[in-house]
Amino acid sequence: MPSTALPLVDALDILKAYEITYPNRTLELHVKTRLEKGNSPVRGSVSLPKPISKKVAWLVFAKGKNAEEAKAAGAHTVGAEELIAEIAEGNFSVGNFDKCLSTTELYPLVTKIARILGPKMLMPMVKRGTVTDDIVETIKRMDDKLGFNSDKLGWIHTGIGKISWTTKEIQGNIQAILKEINELGKGQDSNKKAAFIEKIAINPNMGESIHLLDFKNLLDFPSVTIK
């Protein structure tokens, strides 16, 4: 832990003062998880107490009634065999999409473009609930969820809110993400005595980061009192 690490409240006071003329800048959270040989990257999503306002761009593989329902629910692009073929041939870019769904009918075809969707974190998977025939409810349920994944060094980087938000709002979002990451870590962590989350830091998206001295308290005591 760097000697410059601070409690969350003090860190936010400094960042808010430093960014006083840019209150709408995004506040970023960086979480270092413990890597174990052979483990997969940490991937998950969480509903935040205060959602980050962002219109989710949905890519949906569906046809017929399911396709019409997806469009009505706000999906940006909906298609079936033709769309899958366009993506496979490199004639359609998936880079601008945030989330992706597939009906069970089309899923076998979608797996053929997994090498394209996978690196973009868009590959539908049954265990994540993104292979479904209940398109409307799934979009509603996941529309405000924040997705995250770890890099090859075990770091998870994600937006957490705005500089202008209250300390309580920011703390609530941080705790929600930490709790979800910790739960995901339990499923692949062989060393039960060691902490899965090693350290965390926050920073405005155009500023330097501050490590949080009290992150274990934020993780262990969700109702920790803040000023």
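The values are calculated or read from the model by the stated rules, or taken from the named source; none is laboratory data. All of these numbers come straight from a predicted model, not from anything done at the bench. Reconstructed Cβ throughout: ideal geometry from the backbone, glycine too, with neighbour counts over all protein chains shown. Protein only, heavy atoms only, side chains kept; ligands, DNA and RNA dropped before computing areas. Shrake-Rupley method; radii C 1.70, N 1.55, O 1.52, S 1.80 Å.
Things worth noting here:
- Note on the chain: along the principal axes its Cα atoms extend 56, 43, 31 Å, ordered by decreasing extent.
- Accessible-area composition of region 47-129, carbon plus sulfur, in percent [1.4 Å probe]: 53 percent
- Total formal charge among the other residues, if their Cβ is under 12 angstrom from that of P204, Lys/Arg +1 and Asp/Glu -1: 0
- For the cross-link pairs K37/K186; K112/K179; K65/K120; K55/K199; K112/K152; K16/K55, the ones whose C-alpha atoms lie over 23 Å apart are K112/K179; K65/K120; K55/K199; K112/K152; K16/K55.
- When you restrict to C-alpha pairs under 8 Å that are six or more residues apart and normalise by the size of the chain, the relative contact order lands at 38 percent.
- Here's the list of aspartates and glutamates a cross-link from K99 could span, going by alpha-carbon distance under 17 Å and ignoring same-chain residues fewer than 8 apart: E69, D133, D134, E137, D143, D144.
- Cα extents of region 58-143 along the three principal axes, largest first (Å): 30, 24, 23
- Residues in region 17-50 that a label on E198 would reach, taking backbone N under 11 Å of a point 7 Å out along Cα→Cβ: 32-36
- Gyration tensor verdict on region 119-176 (Cα atoms; rounded if a/c is under 1.5, prolate if a/b is larger than b/c, oblate otherwise): oblate
- Whole-number percent relative contact order across region 58-143, with pairs defined as alpha carbons under 8 Å at least 6 apart: 31 percent
- Square roots of five times the Cα gyration tensor eigenvalues for region 112-151, Å: 19, 14, 8
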